[in-house]
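Have a look at the structure below, then the notes.
The values are calculated or read from the model by the stated rules, or taken from the named source; none is laboratory data. Just so it is clear, the model here is predicted, and its values are computed rather than measured. With ideal geometry, Cβ positions are generated from the backbone for all residues, glycine too; neighbour counts draw on all protein chains shown. Quick note on the areas: whole protein, heavy atoms, side chains included, nothing else; ligands and nucleic acids left out. Shrake-Rupley method; radii C 1.70, N 1.55, O 1.52, S 1.80 Å.
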Amino acid sequence: MRIQVQSAPPVDEIRIVTNPTSHIIKGRGALSNPAGRFEIRVREVFDDGWGEDPTPDTQPATQLFPDKTKNIIARNQSPDVAFDQSINPYKGCEHGCVYCFARPTHAYLDLSPGIDFETKIFYKTNVRERIVEAVGKPGYVCSPIALGANTDPYQPVEKRMKITRQILETLAEWRHPVTIVTKGALVLRDLDILQPMAAQGLAQVTVSITTLDNRLKTTLEPRAAGPAARLRCVRELKAAGVPVSVLMAPVIPGLNDDEIEDVAAAVADAGARSLGYVLLRLPYELKDLFREWLDAHVPDKAGRVMKLLREMRGGRDYDSQWGQRQKGTGPLADLLARRFELARRRHNLDGSRTLSLRTDLFRDPNAAEQSDMFG
């Protein structure tokens, strides 16, 4: 795997749009690199007959850039997610999950939600200092910080960069509660931090499992851990005393919804305490990227998948309303919810993936500094 670390992203880049059905890239989820919705200039590559191959790089390298975001802790005001604040160690995600609802956020960087999202990754810098500054501000109210709310904190580049590990080390130092959502088996590397935090009621992990079919996973989530590895994560987290839940996300009607009962059985056997789900979300540019993927990888199912999804989205590809975007509406959405309810009941799984973590152990960095000075 090629990784390039750069000081700044390309400036004034002209986006290259290619024919997606001709360029399946091994190890990448998206088939094209369409312009983001805020970009002004677009150049389309085509064969002009002069004999030069217009095909783009078939193995685009992963490039890393420092993230200059001012505030390291993002605040959440959405009423349908179970956290108030989060830290995203990375923008962009090398896992390459074609369905990722975070893809359109790359447009804010004047980059494509397609291949750019998987290959141009931004990482947080000076995380310890910035976290200490944020949680030490006057009036700060401690509540669990979510990692993995947008992109995966244990994507492949984390093995080298260790940004997520630095965040966990800092939160553990100040006894600050944390929740994690991941598809990455690398989470087991940090058991030495998570285990003692969990023993204090300060940590919990949710493992996202989309399918038990490794062939489907390979094209749908090309660089994420395989199904067996994720089930192993559930077992080992459970054995270490770390509360672990599973999120089947996304549920794609007509593609992986036939696995609901099997996933419930497998995760219960592995030791998960709960099982939740999220219906496929297709905001902004994502709807076209996902259609490209369907046409290239499962053309016989493409029409039915989109038809079923629209029936659960009020006749549209996506409904962004709070309270509806996660589960959908209508008879098919109700049936889906009922199937999960029955599967959870059969395997003694909870329906909520969040526990009440402790906040009373939090050590204010400023108070600790003053105590050290006068102690």
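Taking the solvent-accessible surface of protein heavy atoms with a 1.4 Å probe, what is the per residue accessible area of the range 124-232 in Å²?
With the other protein chains kept in place, the range 124-232 gives 36 Å² per residue.
In loop segments of the range 263-360 as defined by DSSP, the trypsin sites (Lys or Arg not before Pro) with at most 12 further C-beta atoms inside 10 Å of their C-beta are 316.
Calculated mean residue ellipticity, 222 nm, the chain: -9500 deg cm²/dmol, from DSSP H runs (n ≥ 4) at -39500 (n - 2.57) each, averaged per residue and rounded to 500. Taking every protein chain into account, the accessible area of the range 235-339 amounts to 41 square angstrom per residue (probe 1.4 Å). Applying both filters, DSSP loop and at most 12 other Cβ atoms within 10 Å, to the GluC sites (Glu not before Pro) of the range 105-161 eliminates every site.
Highest mobility in the GNM of the chain, judged by mean-square fluctuation with C-alpha springs under 10 Å and restricted to 279, 216, 202, is found for 216.
What pairs from 120/238; 70/327; 68/183; 162/327 go past 31 Å between their alpha carbons? The answer is 120/238; 70/327; 162/327. The GNM of the chain, with springs linking C-alpha atoms under 10 angstrom apart, assigns the highest mean-square fluctuation among 104, 34, 365 to 365. For the chain, carbon and sulfur atoms together expose 50% of the accessible surface, with a 1.4 angstrom probe and every protein chain in place. Computed extension length for residue 74-residue 338: 91.7 nm, one decimal, from 0.36 nm per residue of separation with the Cα-Cα distance subtracted. Given the choices [x] 20.7, 66; [y] 21.2, 79; [z] 19.2, 54, Rg and Dmax of the Cα atoms in Å derived from the coordinates of this structure is entry [y].
Please report the net charge: other residues with Cβ closer than 15 Å to the Cβ of residue 333, K and R +1, D and E -1.
Around residue 333, the charge tally is +2.
Comparing 150, 214, 76 in a Gaussian network model of the chain, where Cα atoms under 10 Å apart are tied by springs, the biggest mean-square fluctuation is seen for 76. Each DSSP beta bridge with both residues in the chain is either parallel or antiparallel, and the antiparallel ones are about 10%.
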